[in-house]
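See structure below.
The values are calculated or read from the model by the stated rules, or taken from the named source; none is laboratory data. Keep in mind that this is a model prediction, so the values were computed, not measured. FYI the Cβ positions are ideal-geometry reconstructions off the backbone, even for glycines, and counts take in every protein chain you see. Areas reflect the complete protein model, heavy atoms only, side chains present, ligands, DNA and RNA absent. Shrake-Rupley method; radii C 1.70, N 1.55, O 1.52, S 1.80 Å.
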Amino acid sequence: MPWPVWPIAILVVLSSAGSAAAESGADAWLRYPYISDAAVRRQYEFVPGTVAALGDSPVLQAARDELVRGLSSMLGRQLKAGDAAAASGIVIGVIERIRERFPQLQPPRTPGVDGFWIMSPAAGASRSIVIAGHDDRGVLYGTFALLRRVALHQPLAGVNDVETPSAPLRWVNEWNNLDGSIERGYGGRSIFFESGHVAADLARAGGYARLLASVGINACAVNNVNADPAVLTSAFAPDLVRLAGVFRPWGVRLALAVDFSSPQRIGGLDTFDPLDARVAAFWTERADALYRAVPDFAGFVVKADSEGRLGPSAYGRTHADAANVIARALAPHGGVLFYRGFVYDHHMDWRNPANDRARAAYDNFHDLDGRFADNVILQIKHGPIDFQVREPPSPLFAALARTNQAIELQITQEYTGQQRHICFLVPMWKEALDFDMRVRGRAPVKALVTGRTFARPLGGFVGVSNVGESRNWLGHDLAVANLYGFGRLAWDPDLSPARIADEWTRLTFDHDHRVVDTVAGILLESWPAYERYTGPLGAGTLTDILGPHYGPGIESSERNGWGQWARADSAGIGMDRTVASGTKFIAQYPPDVAAMYESLGTCPDELLLFMHHVPYTHRLKSGKTVIQHIYDAHYEGAEEAAAFVERWRKLADLIDADRYRAVLDKLEYQSGHATVWRDAVVSWFLRESGIPDGRGRAGHYPGRIEAESMDLEGYMPQTVTPWETASGGHAVRCAGAPQCAATTRFDGGDGTYTIAVLFFDESDGRSQFRVLVGDREIGRWQADADFPSPEPNGHTATRYVVRTVTLHRGDAIRVEGTPDQGERAALDYIEIWN
Ligand code: GCV
């Protein structure tokens, strides 16, 4: 065959494919790089050169264009939109139309809602490839499945596959505020809203819908569950029409979070009582108006009686009353209502040992089972507290036999490193989904939320995604694996984390086994590592509960109404949730599960402190005491984070420069911050328990020189709060001078060393730093990252590392800081090792 003449556009794609080219990350896993390996490419030679859609809906057109785009790019030959009547070609359409066109073909099974059938002839046969959907969305999902197959270099010839998603509802929630900020968003500002309106430029919103469609997500609730009632005003409707318009070709239905008090706040009523006929009329009128504007509108999400949001308790009504009045308004249009199970009292008396936030979801909802309308789905966070690094599955999943339910998973890493740390959450979600609740025989959570165990018509998955305008959507190139993984699990919760990590790595980076092994390996090890250096044995993440939920703040969870208590004191740690002596939370589980958690003998170590209060000397199944486990785990976790950097460095020539550098910077930062976490947790428990580390590490930091013990020019010692977030509880601060310096004399042997400088990168300025050995500058940087605090503390503590520095005994090592505005170039210590 002669070398084809390709249009310029294709040549550009081809020349930019491959590992060395610049990549922004914006294409995420939909890069469609040219398959440069001829042997791999050859297996797709039989793929016809035309794509025809049986129908012209926007979704079918999007599917056809996506096939043309993706296959042309990967196969290096230009496909075209074609004629469905041609003897061969790729033909896509809903199954009825496919049957008319190909009466001789039979799918092995009929695909269900949103499902598809892909039929591809054996290589060499000159027949059509067929993608048949149960519906238009199914065609689109089949399209992306076929493209994924090719992008993964998997065989296509002879494929005869039917897939139906596990559940009908696969949504994302975006906690976007109308001013463009995002609650718990770590990937930049909103791609949906700006200045109180839907954004003028919705190109990225459309691009996001394409990403969602590629993993089977079928609706997106675009605004914060702490909802602004303005979204329901008629003035907002034209904005919503535009947004729905960019979602529509991708089969993503628009949804909104609504404020339960809207009837009063924007409806001109003096009440929002769900049993008041005027309130019902308000919801009906608003729903009717919305559906006139956006006929394929998906439905609402409601957060009520939670964290200060108004709810039915204002009128002594139940959550079922609240949900049903809104659901009835949506029902005639086929809309659904997700009612959030995240209802708890955040002013709980911590002195009362019977109080327990973990009980709240079950206590609030299980009695209401069977009282919700058929189009209401209870949206339940996967654990009973709030997206902590380790929680048991919510017992509410097993307590609803006559209520639709969905699992809420958090893609945005609120408590798991905020996309500055890599923490691949798929293994954590998978543990929750696979957990067998042992109700009516075997009942893994995935069967409960997909409506299989209790035969419910609706059910599914909600991911709190919070993408933003950062080039790679989430702020960290590797964190995008969580978005991909959420979609893949929602489609098929039986997929393994290893398979998802492997797929994502190949699609996002490359097929080179060194890349796949390293990236997928880091992903799969990242949640356990993060857990080890942040939170012990199910006690929760020991983060600053009262602040941004990011850096360490061990005691912030105690002695306040938020109820995330670890009950750590000098004698022991853990929440006693047992039936025998504690809050009786454990009784909310079905008997077999409750018995397993209740007994110290059978409660798994990783949830020990979630379920039991024990002395630090309690021995785990591993044989270690709790306190020694805390020390060891934090050292191990920090070592693993350090190893991620070294592993990634080996990929320097195998990954495009921009993404390589961006990820390296993040991993370097993570390694430094893991050390901050380690030291904070270990120091706190050492002081509180008074029990030394059996391996002598806690409280001893070889090679570390505290800034306050260096020769200071201008710098002044400062107490840091909380004390455990700075080494020795103190930093130095350049308060009254335009520039300050801290100097020490190196007293080790001549050689090559690594020097780390621990400084504080606050949000209130951009200090400059230099580090010198004698007169030789060995590093210079600006503290300009975006951390969530204007103070020196565990959120802002950051490490700058200089490798391979030649040092001689007696050398002066000097750190200079130039403050800027409120940020006073604070330093904690330097550390030297080889
Ligand atoms: C949108 C946690 C978060 C809140 C969030 C809430 C929720 O408490 O910290 O920011 O509010 O969960 O899920 O409603």
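Do you know which of the residues in region 256-270 that are open to solvent by 10 Å² or more (accessible area, probe 1.4 Å) and touching a residue at least 12 places away in the same chain (Cβ under 8 Å) is farthest from Val336 (Cα to Cα)? Walk me through how you get there before you give the answer.
Going through region 256-270, the residues open to solvent by 10 Å² or more (accessible area, probe 1.4 Å) turn out to be 264-270.
Filter once more, so that each one left must be touching a residue at least 12 places away in the same chain (Cβ under 8 Å): 265-267, 269.
Values: Arg265: 23, Ile266: 22, Gly267: 21, Leu269: 24 Å.
Looking at residues that are open to solvent by 10 Å² or more (accessible area, probe 1.4 Å) and touching a residue at least 12 places away in the same chain (Cβ under 8 Å), I get Leu269.
When the residues of region 221-239 are narrowed to those that are under 28 Å from Pro165 (Cα atoms) and without any contact (Cβ under 8 Å) to a residue 60 or more places away in the chain, which ends up farthest from the ligand (Cβ to nearest atom)? Spell out how you get there, then give the answer.
Pass one, region 221-239, residues under 28 Å from Pro165 (Cα atoms): 221-225.
With without any contact (Cβ under 8 Å) to a residue 60 or more places away in the chain added as a condition, the list becomes 222-224.
Values: Val222: 14, Asn223: 11, Asn224: 6 Å.
Step by step, filter region 221-239, then rank; the result is Val222.
Please state which of the following conditions Ser120 fails to meet, knowing it meets all the rest: (1) more than 28 Å from the chain's Cα centre (by Cα); (2) surrounded by fewer than 17 Cβ atoms within 10 Å (Cβ to Cβ). Status for Ser120: all satisfied but (2).
Within region 415-425, the only residue that satisfies the criterion of being among the hydrophobic types (A, V, I, L, M, F, W, C) and over 14 Å from Gln388 (Cα atoms) is Ile422. When you scan region 298-306, do you find a residue that is open to solvent by 40 Å² or more (accessible area, probe 1.4 Å), within 16 Å of the ligand (Cβ to nearest atom) and in contact (Cβ under 8 Å) with a residue 60 or more places away in the chain, even just one? So far as region 298-306 goes, no, none of its residues is open to solvent by 40 Å² or more (accessible area, probe 1.4 Å), within 16 Å of the ligand (Cβ to nearest atom) and in contact (Cβ under 8 Å) with a residue 60 or more places away in the chain.
Return yes when Ala741 is surrounded by fewer than 14 Cβ atoms within 10 Å (Cβ to Cβ), of a type in the set (A, V, I, L, M), over 36 Å from the mean Cα position of the chain (by Cα) and within 19 Å of Ser709 (Cβ to Cβ) and no when it is not. So Ala741 does not fit the description; no. Filtered by the rule that a residue be open to solvent by 30 Å² or more (accessible area, probe 1.4 Å) and either in a helix (DSSP H, G or I) or among the hydroxyl-bearing types (Ser, Thr, Tyr) (or both), region 486-515 gives Ser496, Ala498, Arg499, Asp502, Arg506, His513, Arg514. Residues that are in a loop (DSSP other than H, G, I, E, B), away from the ligand (no atom under 16 Å from the Cβ) and open to solvent by 40 Å² or more (accessible area, probe 1.4 Å) within region 333-354 comprise Gly334, Asp349, Trp350, Arg351, Asn352, Pro353, Ala354, listed in sequence order. Of all residues in region 782-800, exactly one satisfies the criterion of being surrounded by fewer than 17 Cβ atoms within 10 Å (Cβ to Cβ) and more than 26 Å from the chain's Cα centre (by Cα), namely Gln782. Of all the residues in region 513-549, those that are out of contact with any helix residue (DSSP H, G or I) (no Cβ under 9 Å at 6 or more places or on another chain) and under 28 Å from Val614 (Cα atoms) number 1.
Within region 435-464, take every residue that is in a loop (DSSP other than H, G, I, E, B) and in contact with a helix residue (DSSP H, G or I) (Cβ under 6 Å, 6 or more places away or on another chain) and give me the one that is modelled with the lowest pLDDT.
Checked region 435-464; the qualifying residue modelled with the lowest pLDDT is Thr453.
Are any of the residues in region 181-189 within 16 Å of the ligand (Cβ to nearest atom), open to solvent by 20 Å² or more (accessible area, probe 1.4 Å) and of a type in the set (D, E, K, R)?
First, the residues of region 181-189 that are within 16 Å of the ligand (Cβ to nearest atom): 181-187.
With the extra rule that they be open to solvent by 20 Å² or more (accessible area, probe 1.4 Å), the set shrinks to 181-186.
Adding the requirement that they be of a type in the set (D, E, K, R) leaves 183-184.
Looking for residues that are within 16 Å of the ligand (Cβ to nearest atom), open to solvent by 20 Å² or more (accessible area, probe 1.4 Å) and of a type in the set (D, E, K, R), one finds at least one in region 181-189, hence yes.
Filtering region 761-773 for residues that are open to solvent by 10 Å² or more (accessible area, probe 1.4 Å), assigned to a strand (DSSP E or B), within 19 Å of Ile705 (Cα to Cα) and of a type in the set (Phe, Trp, Tyr) leaves an empty set. Every condition in (1) in contact with a Phe, Trp or Tyr (Cβ under 7 Å, 6 or more places away or on another chain); (2) surrounded by 24 or more Cβ atoms within 10 Å (Cβ to Cβ); (3) closer than 19 Å to Thr675 by Cβ; (4) modelled with pLDDT of 95 or more is met by Val519 except one, and the failing one is (3).
If the condition is being within 40 Å of the chain's Cα centre (by Cα), open to solvent by less than 90 Å² (accessible area, probe 1.4 Å) and more than 22 Å from Leu147 (Cβ to Cβ), then region 81-101 contributes no residue at all.
Return a yes/no flag: does region 52-72 have any residue that is surrounded by 20 or more Cβ atoms within 10 Å (Cβ to Cβ), at pLDDT 95 or above and either in contact with a Pro (Cβ under 8 Å, 6 or more places away or on another chain) or not assigned by TED's automatic domain parsing to the domain that holds Ala123 (or both). Within region 52-72, one or more residues are surrounded by 20 or more Cβ atoms within 10 Å (Cβ to Cβ), at pLDDT 95 or above and either in contact with a Pro (Cβ under 8 Å, 6 or more places away or on another chain) or not assigned by TED's automatic domain parsing to the domain that holds Ala123 (or both).
I'd like to know if region 141-154 contains one or more residues that are in the same structural domain as Leu232 (by TED's automatic domain parsing) and surrounded by fewer than 18 Cβ atoms within 10 Å (Cβ to Cβ). No: zero hits.
Within region 36-91, the residues that satisfy the criterion of being in contact with a Lys or Arg (Cβ under 7 Å, 6 or more places away or on another chain), over 16 Å from Leu140 (Cα atoms) and not in a loop (DSSP other than H, G, I, E, B) are Thr50, Leu75.
Which of the following residues is more than 16 Å from the ligand (Cβ to nearest atom) and surrounded by fewer than 19 Cβ atoms within 10 Å (Cβ to Cβ): Ala244, Ala281? Spell out the reasoning first.
Working: Ala244 fails: surrounded by fewer than 19 Cβ atoms within 10 Å (Cβ to Cβ).
Of the residues listed, the single one that is more than 16 Å from the ligand (Cβ to nearest atom) and surrounded by fewer than 19 Cβ atoms within 10 Å (Cβ to Cβ) is Ala281.
Taking region 5-23 as the search range and keeping residues that are surrounded by 14 or more Cβ atoms within 10 Å (Cβ to Cβ) and in a loop (DSSP other than H, G, I, E, B), which one is modelled with the highest pLDDT? The selected residue is Glu23. For Phe372, the stated conditions do not hold, so it cannot be described as part of a loop (DSSP other than H, G, I, E, B), over 23 Å from Val579 (Cα atoms) and under 26 Å from the mean Cα position of the chain (by Cα). Among the residues of region 307-322, write down those that are within 16 Å of the ligand (Cβ to nearest atom) and either crowded, with 24+ Cβ neighbours inside 10 Å or of a type in the set (Phe, Trp, Tyr) (or both). The answer is His319, Ala322.
Being modelled with pLDDT of 95 or more, part of a strand (DSSP E or B) and of a type outside the set (Val, Ile, Thr) narrows it down to one of Leu254, Leu243, Leu275, Leu330, so name that one. Walk me through it before giving the result.
On the way: Leu243 fails: part of a strand (DSSP E or B); Leu275 fails: part of a strand (DSSP E or B); Leu330 fails: part of a strand (DSSP E or B).
On inspection, the qualifying residue turns out to be Leu254.
Taking region 446-470 as the range and being surrounded by 19 or more Cβ atoms within 10 Å (Cβ to Cβ) and without any contact (Cβ under 8 Å) to a residue 60 or more places away in the chain as the test, the residues that pass are Ala447, Leu448, Thr453, Phe454, Arg456.
Quick one: in region 356-409, which of the residues that are away from the ligand (no atom under 14 Å from the Cβ) and β-branched (Val, Ile, Thr) is farthest from Lys584 (Cα to Cα)? Going through the qualifying residues, I end up with Val376. Counting only residues that are assigned to a loop (DSSP other than H, G, I, E, B) and either free of Cβ contacts under 8 Å to residues at least 24 places away in the same chain or within 25 Å of Asp345 (Cα to Cα) (or both), region 559-607 holds 30 of them. Take the conditions (1) in contact with a helix residue (DSSP H, G or I) (Cβ under 9 Å, 6 or more places away or on another chain); (2) on the phi < 0 side of the Ramachandran plot; (3) more than 16 Å from the ligand (Cβ to nearest atom); Gln564 misses just one of them, which is (3).
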